[in-house]
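Visitor: Below is one structure. I have some questions about it.
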Amino acid sequence: MESSLTPKEQRQVLWRLLSYMKAERKTVIVAFFLLLTATTFELAGPYLVKIFIDDYLIPRHLAARPLLMLGALYVGTVVMKTVVTYFQLVKFQQIALRVIQQLRMDVFTKMHALGMRYFDQTPGGSIVSRVTNDTEAIKEMFVEVLASFVQNGVFVCGIFVAMFLLNGKLALFCFFLFPVIWWLIQTYRRYSAIFYKDMRERLSELNAKLNESLQGMAIIQVFRQEERLRNEFAKINDLHYRAGLKNIKLDGLLLRPAIDVVYVVAIMVVLGFFGMSATESPVEIGVLYAFVNYLERFFEPINQMMMRLSFYQQAIISGSRLFAFLDLTELAPEGKASSAAISAGKIEFRNVSFSYDGKQDVLKNISFTVQPGETVALVGHTGSGKSSIVNLLMRFYEFDRGDILIDGTSIRNYSSEELRKNIGLVLQDPFLFYGTIRDNIQMYKQLTDEEIVAAARSVQAHEMIEKLPKQYDHLVIERGAAFSSGQRQLIAFARTLASNPKILVLDEATAHIDTETEEAIQQALTNMRKGRTTIAIAHRLSTIQDADQILVLHRGEIVERGNHQQLLAQRGLYYNMYVLQNGLVDGENGV
C-alpha cells in the first residue's frame with residue numbers, strides 16, 4: 001500500500017479541486033448569497049421565540065395584534081428559509097455536476113494524449129476506475145460536503161454571534177469547544193486518509209481483475225481457470241473489505257459518538273451556569289431557551305460536517321489519484337506544428353535503433369527505403385521487430401537513435417494531424433466501434449452515401465453489407481462481435497480506404513481471415529495497395545509474394561532483403577520459412 005497523503009498534500013489537492021469552480025463564478029456568488037440568506041432566516045427563529053417568551057408569555061402581555069404579527073413573522077421566516085434553501089441546494093449541486101463534468105472530460109482527454117508506453121504498463125481496469133469511481137467520489141464531495149461545510153460553517157458563526165448577544169461570558173466558554181472539535185477532525189483525517197487510500201487502490205485492482213476476466217473469458221473457460229481467478233478476485237476483495245471495516249470502526253468512534261459526548265458536557269455546563277446565576281438574579285427563561293436551542297443547533301451542523309468527513313476524505317484520495325493521472329508526462333510523441341505536407345509517400349528508415357525498456361534494443365540499425373507506390377513486406381519470427389517498425393512509423397513510440405523520413409522530411413517535423421491523415425493502418429484484429437456500419441466507415445470525415453458505398457465497393461465489402469437487414473445502418477455491437485473476422489476486416493478496409501491515405505500499413509491484415517471471405521480480402525488488399533506506398537507485416541508468405549521488396553528480420557536486425565524469388569534463391573531464413581509453411585522438401589515445386 002502506498003503511503004498516505006500528508007496534510008500539505010491534502011490541502012494542495014483540495015485547492016486544485018476547488019479551482020475547477022472558477023468557471024462557475026456567477027453561480028457560486030448566487031449560491032453563497034442564497035446560503036447567507038437561508039442562514040439568516042434559520043438564526044432568526046430561536047430569537048423570535050425568545051422575544052415571545054420573555055416579552056409576552058412571562059409578563060402575561062398577550063395582546064392579540066403583536067402576537068399575530070410575531071407569529072406571522074416566525075412562520076414567514078420558516079417558509080422563506082425553506083424556499084431559499086431549496087434554490088441554494090440546487091445551485092450548489094449544479095456547481096458540483098459542472099465540476100465533475102469538466103473533470104471527467106479532462107481525464108478522458110488526457111487518456112487519449114498518453115503514449116502507448118503507459119498503456120503497456122497499466123491495466124485497463126485501473127484507468128476505468130479513475131474515470132468512473134474516482135470522479136464519482138469527488139462528485140459526492142461537491143454535492144454532499146462543500147455545500148454542507150460552507151452552510152454549516154456560516155451557520156456556526158451566526159450561532160456564536162447570537163450567543164454573544166444573549167450572554168457574552170457563556171458564549172466565550174463555548175468558544176473553547178472549537179479546539180476539542182478541531183482535534184477530533186484532525187485525528188479522523190489522519191487515520192481515515194490511510195484507510196481510504198487503501199480502499200481506492202484495492203477498488204482499482206478489483207476493476208483491473210474484472211476487466212482482465214471479461215477480456216479473457218474464452219481462455220479462462222478453455223483452460224478451466226475459473227477457480228484460480230475467483231480465488232485471486234476473492235483475495236483482493238477481502239483486502240478491500242478489511243480496509244473498509246477499519247474505516248467503519250474509525251467512523252463509529254470519532255464521528256457522531258465523540259461529538260455527542262462533547263455536546264452533553266456543554267449542555268451540563270450551560271445548565272450549571274444558569275443554575276448558579278439563579279442564586280444571584282432571576283433567570284430569563286427565554287434567554288435560557290434560546291441559548292440551549294442555539295447550542296443544540298451549534299452541534300447539529302458540527303455533527304453533519306463530521307459525518308461528511310468520510311466523503312471529504314474519499315474525495316481527497318480520489319482527487320490525488322486523478323491529478324496524478326492528469327500530471328503524467330508519458331505523452332504520445334508529438335510532431336512539430338509545421339506546414340510540412342506528405343505528397344508522394346516515400347518512406348526511409350536510417351539506422352533506426354529502439355528499446356521499449358531503455359535497456360535491450362528490439363531494433364538495431366534498421367535501414368531501408370520504400371519508394372512511392374511500392375510494397376515492402378516485413379517477415380520474421382515472433383519478436384523479430386516487425387511490429388516495432390510499424391509502431392515507430394505510426395509514432396506510437398519515440399525512437400531512440402537514427403531517423404525515419406517521409407518524402408525526405410523527418411516524421412518528427414510533421415504535425416500529428418498530417419501523419420494520421422496520410423497513414424492508414426489495418427490491424428490483424430480490426431477494432432469496430434459501437435454504432436452503425438456507416439459510422440465505422442466514415443470515422444475520419446463526413447462522407448456522402450456515395451463515397452461510403454464507393455469505399456465499400458473498392459474493398460469487396462459492399463455485397464456483404466447489402467445482405468445485412470439494415471445494410472449500412474446495421475448496428476455494430478461492441479468490437480463488432482456479431483461479425484466474422486473476415487467481415488470485420490472488410491469493414492476496417494473500407495474505413496481505411498475512405499480516408500484515402502498516401503501510405504498504407506498492414507499489420508498481419510490477413511492473419512485471421514476465414515475461407516468465406518479470403519478471396520474478397522485478397523482482392524481488397526490488391527485494390528487498396530494501388531498507387532499507395534505500402535508496408536505489410538505478414539506471417540503467411542503466400543500473401544506477399546508480389547511485394548516489390550521483402551525484408552527478413554531476426555532479433556531486431558534485417559538479415560535478408562530482396563523479392564520473393566531472390567530470397568528463395570539465397571536459401572537463407574526466408575527460404576526455410578517458406579519451406580516450413582508450404583510443407584515442401586528440397587526439389588519440390590522448384591524449391
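The values are calculated or read from the model by the stated rules, or taken from the named source; none is laboratory data. Keep in mind that this is a model prediction, so the values were computed, not measured. Every residue, glycine as well, gets a Cβ built from its backbone with ideal geometry; the counts of neighbours run over all protein chains shown. Only protein heavy atoms, including side chains, enter the accessible area calculation; ligands, DNA and RNA are left aside. Shrake-Rupley method; radii C 1.70, N 1.55, O 1.52, S 1.80 Å.
Visitor: Give the span of the stretch 399-460's Cα atoms along each principal axis, as three whole-Å numbers ordered largest to smallest.
Guide: Sorted largest first, the three principal extents are 43, 24, 20 Å.
Visitor: Between residue 136 and residue 500, what FRET efficiency comes out of the Förster formula 1/(1 + (r/R0)^6) with R0 = 60 Å and r the beta carbon distance, rounded to 0.05? If you can, show how the numbers build up before the last one.
Guide: Values: r = 42 Å, r/R0 = 0.71.
For residue 500 and residue 136, the calculated efficiency is 0.90.
Visitor: Set the bar at 21 Å for Cα to Cα. Now go through 346/530; 110/386; 110/359; 346/421; 110/235; 359/386 and name every pair that lies beyond it.
Guide: Details: 346/530 15 Å; 110/386 29 Å; 110/359 28 Å; 346/421 15 Å; 110/235 32 Å; 359/386 19 Å.
Pairs exceeding 21 Å: 110/386; 110/359; 110/235.
Visitor: List the lysines whose Cα lies under 23 Å from the Cα of residue 81, skipping any in the same chain that are fewer than 8 positions away.
Guide: Residue 81 reaches 26, 50, 91.
Visitor: So, one more: The stretch 383-495: Rg/Rh from Cα coordinates, Kirkwood Rh? Intermediate results must be reported in sequence, preceding the final value.
Guide: Details: Rg = 16.7 Å, Rh = 15.9 Å.
That ratio is 1.05, to two decimals.
Visitor: Which value results when the Cα radius of gyration for the stretch 297-396 is divided by 2.2 N^0.38 Å?
Guide: Values: Rg = 25.9 Å, N = 100, 2.2 N^0.38 = 12.7 Å.
Normalised Cα radius of gyration, the stretch 297-396: 2.04.
Visitor: If the chain between residue 238 and residue 220 were fully stretched, how many nm would it gain, using 0.36 nm times the residue separation less the Cα-Cα distance? List each step's numbers first, then the result.
Guide: Numbers: separation 18, 0.36 × 18 = 6.48 nm, distance 2.20 nm.
Extra length available between residue 238 and residue 220 comes to 4.3 nm.
Visitor: For residue 414, which sequence-distant residues (separation of 5 or more, or a different chain) have an amide H within less than 5 Å of its own amide H, given hydrogens modelled in the peptide plane?
Guide: Here 336 satisfy the definition.
Visitor: So what is the accessible area of the stretch 12-52 per residue, in Å², with the probe set to 1.4 Å?
Guide: Values: 2330 Å² over 41 residues.
Computed with neighbouring chains in place, this is 57 Å² per residue.
Visitor: Amide H of residue 562 versus every other amide H placed in the peptide plane: which residues, excluding those fewer than 5 positions away on the same chain, fall under 5 Å?
Guide: Residues meeting the criterion, in which the H sits 1.01 Å from N, are 550.
Visitor: If you consider only alpha-carbon coordinates, what radius of gyration and Dmax does the stretch 52-151 have, in Å?
Guide: My reading of the Cα-based Rg and Dmax gives 25.9, 83 Å.
Visitor: What ranking, highest mean first, results for peptides 536-543, 233-240, 465-472 when packing means the other Cβ atoms within 10 Å averaged over each residue?
Guide: Numbers: 536-543: 19.0, 233-240: 15.0, 465-472: 13.5.
Descending packing order for the listed peptides: 536-543, 233-240, 465-472.
Visitor: In Å², and per residue, what accessible area does the stretch 343-397 have when probed at 1.4 Å with the other protein chains present? Could you put the intermediate results ahead of the total?
Guide: Details: 2140 Å² over 55 residues.
Ligands and nucleic acids excluded, the result is 39 Å² per residue.
Visitor: Residue separation times 0.36 nm, minus the C-alpha to C-alpha distance between residue 340 and residue 75: what's the value?
Guide: Values: separation 265, 0.36 × 265 = 95.40 nm, distance 7.38 nm.
Length gained between residue 340 and residue 75: 88.0 nm.
Visitor: Could you rank the peptides 96-108, 70-82 by their average count of other C-beta atoms within 10 Å per residue, with the highest value first? Provide the component values of the computation, followed by the final result.
Guide: Numbers: 96-108: 17.0, 70-82: 13.9.
The densest-packed peptide leads the list: 96-108, 70-82.
Visitor: Further question on the same structure: Based on the Cβ-Cβ distance from residue 353 to residue 566, what FRET efficiency comes out when R0 is 30 Å, to the nearest 0.05?
Guide: Details: r = 26 Å, r/R0 = 0.88.
Approximately 0.70, to the nearest 0.05.
Visitor: Work out from phi, with θ = phi - 60° and the Karplus expression 6.51 cos²θ - 1.76 cosθ + 1.60, the ³J(HN,Hα) of each residue of the stretch 541-553, listed in order in whole Hz, and give x for Gly and Pro.
Guide: 5, 5, 8, 10, 5, 8, 5, 5, 8, 10, 9, 9, 9
Visitor: Right, next: Please report, as a whole percent, how much of the solvent-accessible surface of the stretch 58-216 comes from carbon and sulfur atoms (probe radius 1.4 Å).
Guide: Roughly 67 percent, rounded to a whole number.
Visitor: Please compute P(r) over all alpha-carbon pairs of the stretch 377-430, binned at 10 Å starting from zero, and give each bin as a whole-number percent.
Guide: 19, 52, 26, 2
Visitor: Would you work out what percent of the accessible area of the stretch 299-351, with all protein chains in place, is carbon or sulfur (probe 1.4 Å)? Please report the intermediate quantities before stating the final value.
Guide: Numbers: 1120 of 2200 Å².
Solvent-exposed carbon and sulfur of the stretch 299-351 make up 51 percent of the total.
Visitor: Report the Cα centroid-to-centroid distance between the stretch 356-391 and the stretch 395-456 in angstrom, as an integer.
Guide: 19 Å
Visitor: Could you give the length gained on full extension between residue 360 and residue 576, defined as 0.36 nm per residue of separation minus the Cα-Cα distance, in nm?
Guide: Details: separation 216, 0.36 × 216 = 77.76 nm, distance 2.73 nm.
Stretched out fully, the residue 360 to residue 576 stretch lengthens by 75.0 nm.
Visitor: Which order do the peptides 485-492, 351-358 take when ranked by the mean count of other beta-carbon atoms within 10 Å per residue, highest first?
Guide: Numbers: 485-492: 23.4, 351-358: 14.6.
In descending order of packing, they fall as 485-492, 351-358.
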